[in-house]
Structures are given as structure tokens and as C-alpha cells.
Amino acid sequence: MELTSLAPGLLTIGILTIALPFLDGNTSRGRILPCGLCIFLVLRYVIWRVTETMPPFEPTFGSLWAYLFLGAELLSAASCLLFLVFLLRTRDRRDESLVNQRWVTTHRPAVDIFIATYNEEEAILDRTILAASHQDYGPVRVFVLDDGRRAWLGELCARRGVHYVTRPDNAHAKAGNMNHALGFVATLGEPAEHIAILDADFVVQPDFVRKALALFHDPSVGCVQTPQHFFNADPLQHGFRSGTRWPDEQRFFFDMLLASKDAWGVAFSCGTSSICRRKAVEEIGGFPTESVTEDMLLSIKLRLKGWKTVYLNERLSMGLAPEGLQEYITQRGRWCLGFMQIFRSPWGPFADNKLSIIDRISMFDAFLYWSFTFPFRIICLMTPVVYALTGAVIISTTTDGIFIYALPTLLAQLIVLPWVSRGRCLPILSDASQLLIATTAIKATCIGLFGSRDQKFKVTAKGGDRSRTVVQWGLMQPFLIMIALTVAALTYYAFWSGEYAMTEGWNVAWVFWTYYSLLVLIVACITCVELPRSPEERFATTETAEMRRGDTTSVARLLELWPTGAQLRDEQGLVAGERVSLDIEGIGPVAGSVAKVGQGSAEILFDPMPGMRDQMLLKLFSGRYQSAPDETSYIDLFRGLGARLLT
């Protein structure tokens with residue numbers, strides 16, 4: 001290997017190291033250089049890959065495998081390029097919302113909040129209803145749309161003072177439920193100008209309606225989407241006990257990608273935590289029923305009628321991330337199926353409709369992601385094993401070629417994506433999450449593109465007993481098999497084959513590829529072991545509270561709060577069973593008992609008091625508390641991986 005072959009990689013590192021500290025990744029201008037460099041390097045790599053690394057085509061397995069891999073790689077590169085192009089721009093509408101608060105107070109448009117539900121538990125629905133009915137704006141009406149037709153929910157709605165709506169059947173699932181509610185609300189008299197949509201597990205902050213409404217000052221806006229945040233750890237976070245170290249899997253999409261889509265004018269509704277203009281929804285015939293992802297199709301139909309969907313990137317609600325791996329996979333499979341239904345429909349990018357070029361490109365970008373990312377992920381895992389078994393090489397090059405063309409491309413993306421996303425997009429985690437849903441996404445793609453158009457809506461289960469460790473053996477088994485095969489391949493070349501010499505470019509790539517694949521497979525396997533969860537989600541805090549023990553008063557430093565208890569730093573020598581009272585900010589004195597004393601901390605369980613739980617819920621979901629970090633880094637990533645691998 002020539003030392004000069006290191007120059008492109010070192011130059012890439014040098015440019016980014018010097019430039020990034022002076023650039024703001026939250027602005028379109030700040031992204032031009034780093035994202036533009038990534039685009040240039042990807043194009044440079046693709047040209048080299050096609051023109052200089054492929055053997056002559058022959059009717060042999062090795063040749064067929066090499067060209068199959070190249071085809072999958074080129075489609076993945078196309079997806080990567082479109083992704084980087086969209087990331088070139090971003091938009092933040094928080095100032096626009098703030099400036100137009102006067103418009104909201106002057107016009108005071110009425111809002112109906114629709115909470116669609118099917119089988120959620122009472123505790124989940126109660127906090128959603130409570131928060132929705134405590135908006136700092138009016139006039140607002142809350143409608144609970146129950147497709148489960150549960151008597152206890154009707155009684156709960158009566159106690160909470162909100163409307164309870166049922167229908168005789170469950171036709172068209174959530175979209176049909178909301179369409180029925182549109183007709184029901186029309187019978188009550190003057191309907192509200194706007195409709196807010198909430199999933200049954202999403203708890204809105206008091207300022208949700210007021211801040212989102214401000215963007216309707218633009219008469220062409222038909223829908224305002226806000227981000228979906230979560231107050232519990234998703235399966236990857238929980239599996240590695242890293243809910244406070246890593247961002248949840250959806251953070252990159254909502255915090256970065258959707259803001260970029262908005263800057264290009266192609267933001268779309270994601271369902272919950274959005275507000276729609278009733279007139280616009282009625283113009284398109286109600287909420288779409290032609291796809292199980294009615295939210296995205298809603299924005300497409302609105303756009304064809306001249307209505308815009310815009311994105312307010314401000315945390316105004318929090319919901320439950322899928323708590324179990326099966327629920328997580330089911331949800332992603334539904335998203336994939338729904339998009340494929342749209343793709344093949346009259347509203348797809350290749351249909352004869354009035355969608356703009358950028359709309360079609362955006363949809364094609366999503367199509368590439370859902371249809372080719374996951375097969376390519378599996379092919380990448382298979383490649384080291386196929387090479388070990390057959391000697392089939394997918395890239396014919398020297399070590400110099402790898403360092404000149406492949407390494408700079410890889411380095412640029414490893415540096416730029418975490419920088420622009422502030423750690424919301426990190427390798428290993430994103431690869432493992434894609435691997436977990438790969439087979440489901442591939443199946444959903446095939447059904448959506450070639451199967452019956454009438455597919456049933458699968459509800460993502462929320463709540464339930466999460467107190468036991470559950471091992472998802474069915475999901476883990478293929479990963480364990482791939483680990484065994486990959487280790488066998490490494491062992492063979494390490495001890496019995498003279499071909500394990502790092503003299504050719506492919507051997508360098510193969511060794512790196514194999515070890516990285518092993519790490520991703522191990523992360524996926526660990527995630528398949530679902531650890532027990534606390535029955536109530538806890539919120540980290542640094543606030544203090546006045547604690548009374550008998551006649552003694554002291555200051556307690558709180559570590560965690562939840563609706564029925566608190567954890568505090570034990571600096572007073574508390575004893576299990578001891579009675580105490582905490583004067584909590586915004587709540588007042590709350591009596592309770594010391595339930596558990598640990599190393600330097602103690603847990604207090606509050607006595608049941610009328611109205612106290614409601615006060616705690618409103619406090620915890622006021623927007624002040626969040627568990628996941630705003631930013632993370634490679635150090636946080638490997639710290640979490642190491643901690644879990646050693647326990």
C-alpha cells in the first residue's frame with residue numbers, strides 16, 4: 001500500500017475538523033459544505049465502483065453474486081444521495097409560531113381534539129384525556145372516539161367532562177373512526193374550524209393547540225404537524241439501559257429529516273400531534289381510507305387540492321414508544337405497508353396526477369428506503385459468509401483503491417451525520433434497528449406492491465404486563481445463526497487458510513465488514529432480550545423539595561418523579577417504612593412512606609389523595625421533563641454498549 005493513498009481520507013478529516021466548529025448544522029447555509037462534500041464523495045465512489053472494481057460478467061455464481069451486490073449497492077447509494085440532498089436544507093418555524101400568537105388571540109378559531117382509541121388501558125387514556133382538556137387556549141372540545149365500545153371509557157369521559165363517541169362498526173379503522181366523528185360533530189351545530197388529532201397514548205402540553213394554531217395564519221396551510229416525542233425508552237434504548245444516554249430511534253426523523261422535508265415543501269402528516277383545517281379535510285372527502293397510513297396520504301391529497309402541510313419542530317406532546325419488540329416491528333411494518341399502498345395508488349409518484357417534481361422525488365426517496373434498505377442490509381450480512389463458503393468476491397480492487405475511494409466516503413458520513421443530527425443518527429444503532437425489522441419490511445413491501453389493496457390495520461399494542469424478562473427467540477434465532485456462520489468464517493481464514501492476508505483491497509474490506517457485521521448482530525440479539533420495565537415511567541429531575549420528618553424539616557434533592565412516587569438522594573439516613581412529607585413545586589405537601597432505601601437514595605411512595613395524581617400528571621407532562629438526551633456522541637454509544645455487554 002502506498003502512503004499517498006491515505007491522502008484523500010486525511011484530507012476529508014482535515015476539511016471537516018477545521019470547518020465544522022465554525023458551521024451551524026441547524027441552518028441550511030451551515031450544511032452546504034459538509035453535506036455537499038458527502039454527496040461529492042458518494043458520487044466519486046459510485047463512479048469508481050462501477051468502472052474499476054467489477055470483473056467481466058460471466059455465467060458463474062461468483063459473477064452473478066458480484067453484480068447482484070452491485071445493483072443493491074447502487075440503489076442504496078441512490079437512496080443515500082437523495083437523503084443527503086434533502087438534508088442540505090432545514091427549516092425551523094418556532095419563531096413563526098411565536099410571532100403569530102397575536103393572530104391566534106385575535107381570531108381564536110375553535111378546535112376539536114379527536115382522540116382515537118381501540119383497546120388501550122384506562123391509565124393510558126386517562127392521562128391523554130386529562131392533558132387534552134387542560135389546554136391554555138379555548139374554545140376547545142375533546143372527543144374520545146372509541147372503536148372498542150367500552151362502557152368504562154364512557155364513564156371516564158363523563159367524569160372528565162369530554163365527549164364520548166362510538167359507531168356501529170370499525171370500518172376503515174382509525175380513518176373511518178375519525179370520519180364518523182366528523183359527521184357526529186356536524187350534528188352538534190357549528191363545527192370547529194380545526195381538528196387536532198391525538199393517538200390514545202399521546203399526552204399534549206398545555207400550549208400544544210395554541211402554538212400549532214399559529215401557523216394557520218397562512219390561509220394555504222391545511223395541516224400542521226408537530227414532532228412525536230416519547231417518555232419511555234424504545235426497545236433498543238431499554239435493551240441497553242440507555243434511555244438517558246441515547247436518543248430514541250425516531251428522533252432523527254422528527255428532529256432532522258422532517259424539518260428538512262419542510263424546507264423543501266414536502267412535509268407530511270404523521271397522524272398524532274397534528275392539527276388539520278376542517279375545510280381542507282372536507283375538500284378531499286374526509287380522512288383517506290385507501291391506505292393503513294392515512295396520515296401521509298392525507299398530506300398528498302391536500303397538496304393536490306392546493307393545501308400545504310407544514311412542520312412545527314417543537315416538542316409539544318409525548319407518547320408511549322412501543323414497549324415490546326414485537327409491537328415495535330408491527331408498527332414499522334404497518335408504516336411500510338401503508339407507504340407501498342400509496343406508492344401504487346393514483347396518488348403515487350408515477351401516477352397521472354398533479355404532484356410536483358419535488359413531491360415525486362420525495363416519495364421516490366421513501367420508496368428506496370422502504371424497499372431496498374432492508375434487503376441490502378441482509379445481503380451485507382451474508383457477504384462475509386458467502387465469501388468464506390464460495391470465494392465469491394464482490395469488489396476487485398487493491399488496498400490503495402479502498403483507501404482512496406471507499407474510506408473517505410465512509411469517514412465523511414461517520415463525521416457529518418452525527419454532527420448534523422447532534423448524535424441522533426449513529427451507526428450500529430441505526431443498522432441494528434433496520435436489521436430487527438428487515439424481514440417484516442420486506443414482507444410488507446411485497447404485500448403493499450403486489451398484494452390485495454384491502455389490508456387490515458394492525459394496532460400497535462400499548463401497556464400490558466412488562467414486569468418479566470421476555471426472550472424473543474423467534475427473532476433472535478436467525479441472528480444467532482448468522483453470528484455462528486460469521487465466526488466460523490473468521491476462524492477458518494484465521495487458522496486454516498493462507499488467504500487471510502491483508503494484501504488485497506478486498507481482504508481489508510472483508511475483515512472490517514465481518515467484524516462490523518458481528519457487532520450489529522450482537523446488538524440485535526441483545527435487543528431481543530426484553531428486560532422488565534417499571535409499571536410507571538419515571539422522569540429524571542434535579543429539583544429540590546422541602547422534606548418533613550416529624551418535627552424536622554430539611555431540603556431533599558429529587559432524582560426522579562412519577563405520578564405515585566419520587567426517588568431522592570438520601571442525605572438524612574431514611575429508614576424503610578418511615579413516614580415523610582415532601583413539599584413539591586407546583587403540587588404542595590404530599591405525604592408518603594419510604595418504600596426502599598438503596599445506596600445513597602430512597603424511594604417514597606405517596607399516599608393516595610384526591611386530585612393529587614392529576615396534579616402530578618399535569619406537572620410531569622408540562623414539557624419540563626424529558627428522559628432522552630437532546631444530543632449524544634460515539635462515547636455515549638460505546639459506553640452504553642459496553643455496560644450492557646458486561647452485565
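Selection within segment 291-321: residues that are touching a His at 6+ places or on another chain (Cβ under 9 Å) and charged (D, E, K, R). The member of this set that is surrounded by the fewest Cβ atoms within 10 Å (Cβ to Cβ) is ARG315.
So, in segment 338-376, of the ones that are of a type in the set (D, E, K, R) and touching a residue at least 60 places away in the same chain (Cβ under 8 Å), which residue ends up farthest from LYS261 (Cα to Cα)? The qualifying residue farthest from LYS261 (Cα to Cα) is ARG344.
Filtering segment 311-334 to residues that are out of contact with any Pro (no Cβ under 9 Å at 6 or more places or on another chain) and part of a loop (DSSP other than H, G, I, E, B) leaves only LEU320.
I'd like to know if segment 481-496 contains one or more residues that are over 30 Å from ALA116 (Cβ atoms), part of a loop (DSSP other than H, G, I, E, B) and at pLDDT below 80. Yes, segment 481-496 contains at least one residue that is over 30 Å from ALA116 (Cβ atoms), part of a loop (DSSP other than H, G, I, E, B) and at pLDDT below 80. In summary, MET54 fulfils each of the numbered conditions (1) in a loop (DSSP other than H, G, I, E, B); (2) over 30 Å from PHE216 (Cβ atoms); (3) in contact with a Ser or Thr (Cβ under 6 Å, 6 or more places away or on another chain) with the single exception of condition (3).
Let's see how each residue does on (1) assigned by TED's automatic domain parsing to the domain that holds ASP126; (2) surrounded by 22 or more Cβ atoms within 10 Å (Cβ to Cβ); (3) outside any helix (DSSP H, G or I); (4) in contact with a Phe, Trp or Tyr (Cβ under 6 Å, 6 or more places away or on another chain):
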{"site": "CYS336", "(1), (2), (3), (4)": "no, yes, no, yes"}
{"site": "MET340", "(1), (2), (3), (4)": "no, yes, no, no"}
{"site": "ALA351", "(1), (2), (3), (4)": "no, no, yes, no"}
{"site": "THR373", "(1), (2), (3), (4)": "no, no, no, no"}
{"site": "ILE378", "(1), (2), (3), (4)": "no, no, no, no"}
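Out of curiosity, is THR409 of a type in the set (S, T, N, Q), assigned to a helix (DSSP H, G or I) and either surrounded by fewer than 22 Cβ atoms within 10 Å (Cβ to Cβ) or at pLDDT below 95 (or both)? When the stated conditions are applied, THR409 does not pass them. Scanning segment 340-387 for residues that are over 20 Å from the mean Cα position of the chain (by Cα) and under 23 Å from PRO478 (Cβ atoms) yields a count of 12. For segment 240-250, the tally of residues that are more than 11 Å from LEU429 (Cβ to Cβ) and buried (at least 22 other Cβ atoms within 10 Å of the Cβ) stands at 1. Look at PRO418 and say whether it is outside the structural domain of THR293 (by TED's automatic domain parsing), at pLDDT 95 or above and either closer than 30 Å to ARG29 by Cα or not in a loop (DSSP other than H, G, I, E, B) (or both). For PRO418, the condition - outside the structural domain of THR293 (by TED's automatic domain parsing), at pLDDT 95 or above and either closer than 30 Å to ARG29 by Cα or not in a loop (DSSP other than H, G, I, E, B) (or both) - is not met.
Scan segment 22-41 for residues that are charged (D, E, K, R), in a helix (DSSP H, G or I) and surrounded by fewer than 17 Cβ atoms within 10 Å (Cβ to Cβ) and the total you get is 1. Restricting segment 168-186 to residues that are closer than 17 Å to VAL281 by Cβ and polar (S, T, N, Q) leaves a set whose member that is surrounded by the most Cβ atoms within 10 Å (Cβ to Cβ) is ASN177. For segment 121-129, state whether one or more residues are more than 30 Å from ILE284 (Cα to Cα), in a helix (DSSP H, G or I) and of a type in the set (Gly, Ala, Ser). The answer is yes; a qualifying residue exists.
The rows are residues; the columns are (1) within 30 Å of THR564 (Cα to Cα); (2) of a type in the set (Gly, Ala, Ser); (3) modelled with pLDDT of 95 or more.
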position	(1), (2), (3)
GLU120	yes, no, no
SER133	yes, yes, yes
GLY154	yes, yes, yes
ARG160	yes, no, yes
HIS163	yes, no, yes
ALA181	no, yes, yes
GLU193	no, no, yes
VAL204	yes, no, yes
ALA214	no, yes, yes
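Within the bounds of segment 387-394, is there any residue that is surrounded by fewer than 23 Cβ atoms within 10 Å (Cβ to Cβ), on the phi > 0 side of the Ramachandran plot and touching a residue at least 12 places away in the same chain (Cβ under 8 Å)? Yes; the residues of segment 387-394 include at least one that is surrounded by fewer than 23 Cβ atoms within 10 Å (Cβ to Cβ), on the phi > 0 side of the Ramachandran plot and touching a residue at least 12 places away in the same chain (Cβ under 8 Å). Among residues of segment 44-71 that are on the phi < 0 side of the Ramachandran plot, those with a Cβ under 6 angstrom from a residue that is assigned to a loop (DSSP other than H, G, I, E, B) and not small (Gly, Ala, Ser), sequence gap 6+ or separate chain, pair up as THR53/ILE395; THR53/THR397; SER63/PHE57; ALA66/ILE394; PHE69/ILE394. Does any residue of segment 232-243 turn out to be of a type outside the set (A, V, I, L, M) and modelled with pLDDT of 95 or more? No - not one qualifying residue is present in segment 232-243. For ILE32, are the conditions met, namely being in contact (Cβ under 8 Å) with a residue 12 or more places away in the chain, outside the structural domain of ILE275 (by TED's automatic domain parsing) and closer than 27 Å to PHE253 by Cα? Spelling it out, ILE32 is indeed in contact (Cβ under 8 Å) with a residue 12 or more places away in the chain, outside the structural domain of ILE275 (by TED's automatic domain parsing) and closer than 27 Å to PHE253 by Cα. Tallying residues that are more than 24 Å from ALA438 (Cα to Cα) and charged (D, E, K, R) within segment 356-372 yields 2. Of the set (1) surrounded by 15 or more Cβ atoms within 10 Å (Cβ to Cβ); (2) within 25 Å of THR226 (Cα to Cα), all apply to ARG94 but (1).
Of all residues in segment 140-192, those satisfying the criterion of being in a helix (DSSP H, G or I) and either under 17 Å from ILE275 (Cα atoms) or touching a Pro at 6+ places or on another chain (Cβ under 8 Å) (or both) are LYS174, ALA175, ASN177, MET178, ASN179, ALA181, LEU182, VAL185. Put simply, of THR632, THR552 the only residue that is surrounded by 18 or more Cβ atoms within 10 Å (Cβ to Cβ) and of a type in the set (S, T, N, Q) is THR632.
The set of residues in segment 193-212 being part of a loop (DSSP other than H, G, I, E, B) and buried (at least 21 other Cβ atoms within 10 Å of the Cβ) consists of ALA200, ASP201, PHE202, GLN205.
The values are calculated or read from the model by the stated rules, or taken from the named source; none is laboratory data. Only a predicted model underlies this, so the values are computations on that prediction, with no experimental measurement involved. Glycine gets a Cβ as well: all are built from the backbone with ideal geometry, and neighbour counts include every protein chain shown.
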